[in-house]
Amino acid sequence: MKRTPLYEKHKKLGAKLVDFAGFEMPIQYAGIIKEHEAVRNSAGLFDVSHMGEFIISGDEAEGYLDYVMINDVVSLQPWQAQYSAMCYEDGGIIDDVVIYRYPDHFMLVVNAGNKEKDLDWLMAHKPKNVNILDMSDRIGLVAIQGPRSRDILNQITDMDLNDINFYWFTVGSIDGNSATISRTGYTGELGFEIYADPKSIIKIWDAIFSIGGEAIVPVGLGCRNTLRMEMKYALYGNDIDEKTNPIEAGLGWITKLNKGNFIGKNALVNTKENQTRRLICFQMNDRGIPRKGHLIKHGSGVIGEVTSGTQSPSLNQGIGMGYVAKPYEKIGTNITVEIRDKNISCIVVKPPLYKYGTSNT
């Protein structure tokens, strides 16, 4: 398995390490519930250096990315970030990505398990005067998330992070180390993602804990999963993949069908006009923890299956996501999930399930 630059830090902290997308990653330190609550109430620091980063440059980079992405890349201003996705011609999702627009190039951040597939797709469709550089092994990434994250980070940066709006970024110094600092995250809380070279990311990790004291704890991928489910943030490989499309996944807000041509557009227009299923989020009325693959029912009929499920630490009840046939996607619909041969009552709810997140404050 591969290891991130922070592997030795995780070992010293006593992290439980697991295989994730070919990397030996921390799933938890003190425990998923404690780490989840730390992010919701104070601050936590994730190592997400397993993610992939591609640098896209050249005269036609903007038009090229607009063609391979479903969102409107042309609308991006320098120092702005954008959530988007790449699709096949049939509308199936290749990957969901974050695009960063620097003054003279773009950076794509892609899911760890999709790096090779994404790079092959991008290379196959690029014009001659567009350059693509895989920087994944030369960039470390940490995410500080939680309502106190900005106050902690402001003490060791050379800029005022209050000036960075949601989904904007800058380049500056953190405790003397050059880094890209982005107001983004995957938790629903105020937070920043920090990109730097491997040696610098280790120093930044240490500096954050040194200045943060008891206000911040190391957090693993376990609570990253429970946090994102409470917000109905899709996870590639669970809730979205090559057999799902952005319209049925509830990602119509990033699918700009009114822009020029892009890969998958015709299929997505057709899906919007003839939609047969929808990704919902639900919460359990009775005790039970839904898991991926559990059947979703209405009455005695199967209408879909769970793609993600957990016991929500914030709500103290079972929650989940899954695709269901129309018209059962409507908010307030009573459904059941089959857990251990029992049909457990639940209800379709409007996302996010956790409604007190600070990400946009």
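The values are calculated or read from the model by the stated rules, or taken from the named source; none is laboratory data. None of the values given here were measured: they were computed from a predicted structure. We place every Cβ from the backbone using ideal geometry, glycine too, and count neighbours over all the protein chains shown.
Just for segment 1-17: of the residues that are surrounded by fewer than 17 Cβ atoms within 10 Å (Cβ to Cβ) and in contact (Cβ under 8 Å) with a residue 40 or more places away in the chain, which one is farthest from the chain's Cα centre (by Cα)? Ranking the candidates gives Leu13 first.
Restricting attention to segment 188-199 and to residues that are outside any strand (DSSP E or B) and more than 13 Å from the chain's Cα centre (by Cα), the residue that is surrounded by the fewest Cβ atoms within 10 Å (Cβ to Cβ) turns out to be Lys199. Return yes when Lys117 is part of a loop (DSSP other than H, G, I, E, B) and closer than 27 Å to Asn266 by Cβ and no when it is not. The answer is no for Lys117.
In the condition set (1) assigned to a helix (DSSP H, G or I); (2) within 28 Å of Ile32 (Cβ to Cβ), Asn162 is compliant with all but (2).
What's the total number of residues in segment 255-300 that are β-branched (Val, Ile, Thr), part of a helix (DSSP H, G or I) and surrounded by fewer than 17 Cβ atoms within 10 Å (Cβ to Cβ)? Before you say what the answer is, go through the steps one by one.
Going through segment 255-300, the residues β-branched (Val, Ile, Thr) turn out to be 255, 263, 269, 271, 276, 280, 289, 296.
Filter once more, so that each one left must be part of a helix (DSSP H, G or I): 269, 271.
If we keep only those that are surrounded by fewer than 17 Cβ atoms within 10 Å (Cβ to Cβ) as well, we get 269.
The total comes to 1.
The residues in segment 216-254 that are more than 15 Å from the chain's Cα centre (by Cα), among the hydrophobic types (A, V, I, L, M, F, W, C) and either surrounded by fewer than 20 Cβ atoms within 10 Å (Cβ to Cβ) or in the same structural domain as Ile144 (by TED's automatic domain parsing) (or both) can be counted, and the count is 4. When segment 177-187 is filtered for residues that are within 12 Å of the chain's Cα centre (by Cα), under 16 Å from Gln82 (Cα atoms) and surrounded by 23 or more Cβ atoms within 10 Å (Cβ to Cβ), only Gly185 remains.
Results for (1) in the same structural domain as Asp163 (by TED's automatic domain parsing); (2) at pLDDT 95 or above; (3) within 23 Å of the chain's Cα centre (by Cα); (4) over 27 Å from Ile32 (Cβ atoms), shown as yes or no for each residue.
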position	(1), (2), (3), (4)
Phe282	no, yes, yes, no
Leu295	no, yes, no, no
Gly301	no, yes, no, yes
Thr307	no, yes, yes, no
Ile319	no, yes, yes, no
Lys326	no, yes, no, yes
Thr333	no, yes, no, yes
Pro352	no, yes, yes, no
Thr358	no, yes, yes, no
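Taking segment 251-279 as the range and being touching a Cys at 6+ places or on another chain (Cβ under 7 Å) and either of a type outside the set (A, V, I, L, M) or over 16 Å from Asp90 (Cα atoms) (or both) as the test, only Gly264 passes.
State whether the residues of segment 216-237 include one that is acidic (Asp, Glu) and in a loop (DSSP other than H, G, I, E, B). The answer is no, given that none of the residues of segment 216-237 is acidic (Asp, Glu) and in a loop (DSSP other than H, G, I, E, B).
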